[in-house]
1. Tabulate in residue order the Karplus-calculated ³J(HN,Hα) for the range 110-120, using 6.51 cos²θ - 1.76 cosθ + 1.60 with θ = phi - 60°, rounded to whole Hz; enter x for Gly and Pro.
2. Taking the range 1-104, which trypsin sites (Lys or Arg not before Pro) meet the DSSP loop condition and have no more than 10 other C-beta atoms within 10 Å?
3. Could I have the simple spin-label model distance between Q202 and E224, label points 7 Å from Cα toward Cβ, reported in nm to one decimal?
4. Check each of the GluC sites (Glu not before Pro) in the range 1-91 and keep only those in coil by DSSP with at most 14 other C-beta atoms within 10 angstrom; list them in order.
5. Which loop GluC sites (Glu not before Pro) in the range 92-166, with loop taken from DSSP, have no more than 11 other Cβ atoms within 10 angstrom of their Cβ?
6. For every other residue with a beta carbon closer than 12 angstrom to the beta carbon of V61, add +1 if it is Lys or Arg and -1 if Asp or Glu, then tell me the sum.
7. Helix 31-50 versus the longest principal axis of the chain: what angle, 0 to 90°, nearest 10, using Cα atoms?
8. If you add up the charges near I94, with Lys and Arg at +1 and Asp and Glu at -1, over every other residue whose beta carbon is less than 11 angstrom from its beta carbon, what do you get?
Amino acid sequence: MKIPATPEGIPAIRRLLAEGISVNITLIFSLERYGDVMDAYLGGLEDYHASGGDPSKVASVASFFVSRVDTETDKRLEEIGTPEALALRGITAIANARVAYGLFLEQFGSERYRALSEKGARVQKPLWASTSTKNPDYPDLLYVDNLVASNTVNTMPLETIDAYQDHGSPSPSPFTEADIEKAKADLDRLADVGVEYDDVVQVLEDEGVDKFTKSWLELLEDIEKA
């Protein structure tokens with residue numbers, strides 16, 4: 001089952017997991033919302049186990065839409081136009097994903113998760129989606145080379161896979177704890193130049209929901225015509 005990480009989606013995510021249904025939680029942009037997603041995952045597994053279910057039978061990924069974060073943030077940075085703002089272009093999406101991975105390490109290194117893992121539960125892997133480069137000035141593997149980490153998934157479109165096969169590293173280096181700390185500082189710098197992170201991720205979420213809704217309505221229309 002695929003469910004967007006909206007305020008309305010979070011309770012549904014926990015309910016489905018509590019019934020033993022695996023879930024791809026999609027449309028994640030916000031770090032705060034990601035915290036809710038992980039909590040819903042662990043809570044759902046706790047509920048499932050309490051009802052007699054086997055947590056090892058349930059899987060989940062938390063899907064971040066990566067490149068869109070740079071698209072929206074870069075637009076705002078260019079509107080501000082100061083040297084300090086322009087210097088931040090092309091770094092927010094990677095910083096956001098790396099900080100999210102730091103939250104993943106904290107949550108799935110917690111006693112709460114350890115108690116579930118002893119019952120067979122698996123980690124909810126972060127999944128990097130929308131990893132093609134939208135800005136032609138950026139390296140075509142920007143959202144691949146910089147997001148290598150254990151227990152993650154990268155769903156590259158075909159053109160990005162072809163690019164990686166052509167000139168990607170066969171032994172990429174994972175980013176480090178130091179990189180995560182730098183990523184936190186990079187996100188903090190947005191506010192210093194006048195970009196509001198919370199507004200960026202809310203706009204992206206709203207746009208994503210609108211696109212999902214449009215696709216759903218178009219599907220229903222096609223079914224009615226059939």
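Bear in mind these aren't lab numbers, they're just calculated from the coordinates by the rules spelled out. Please read these numbers as outputs of a predicted model, since none were measured by experiment. Using ideal geometry, Cβ is built from the backbone for each residue, glycine included, and neighbour counts are taken over all protein chains shown.
1. 7, 5, 4, 6, 4, 4, 6, 5, 5, 9, x
2. none
3. Taking the two extended label points, one gets 3.3 nm.
4. Within the range 1-91, the qualifying GluC sites (Glu not before Pro) (loop, at most 14 other Cβ atoms within 10 Å) are E8, E19.
5. E118
6. +3
7. Roughly 10 degrees between the two axes.
8. -2
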